[in-house]
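Student: Quick one: the structure is below, and I'll ask about it shortly.
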Amino acid sequence: MGEKVYGLLGRKLGHSWSAPIHAALGCADYRLIELEPEELGAFLAREDIGGLNVTIPYKELVIPLLDEISDRARKIGAVNTIVNRNG
């Protein structure tokens, strides 16, 4: 099995400090993942995703693309973190 992908998912992330913060915490492979809305479905279907933080504008758009969401995320209508558990 290949390496898992971890990072911040968003549309424009040039302002984000997430990658250097995670590198300082020992997670050098954490990356910024900039996608257009039409790319979300194919990207989230990838089997190599380990976990993602989600930022605007995708906090709501990812919901129908996920197999499960927590009751809390469902109530607020937004997702902050995606974890891939067994695909």
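Throughout, read-outs are computed from the coordinates displayed, never taken from laboratory work. Just so it is clear, the model here is predicted, and its values are computed rather than measured. Here the Cβ is made from the backbone with ideal geometry for all residues, glycine too, and neighbour counts use every protein chain on show.
Student: Can you tell me the Rg and the Dmax, both Å, for the Cα atoms in the range 6-87?
Tutor: 12.5, 33
Student: Which lysines have a Cα lying under 24 Å from the Cα of residue 4, excluding residues fewer than 8 positions away in the same chain?
Tutor: Leaving aside lysines fewer than 8 places away in the same chain, those within reach of residue 4 are 12, 59.
Student: Please compute the modelled spin-label separation between residue 71 and residue 3, points set 7 Å along Cα→Cβ, answer in nm with one decimal.
Tutor: Placing both labels 7 Å along Cα→Cβ, they lie 3.9 nm apart.
Student: Tally Lys/Arg at +1 and Asp/Glu at -1 over every other residue whose Cβ is under 13 Å from the Cβ of residue 29; what's the total? Provide the component values of the computation, followed by the final result.
Tutor: Details: positive: 4, 31; negative: 3, 48.
Result for the neighbourhood of residue 29: 0.
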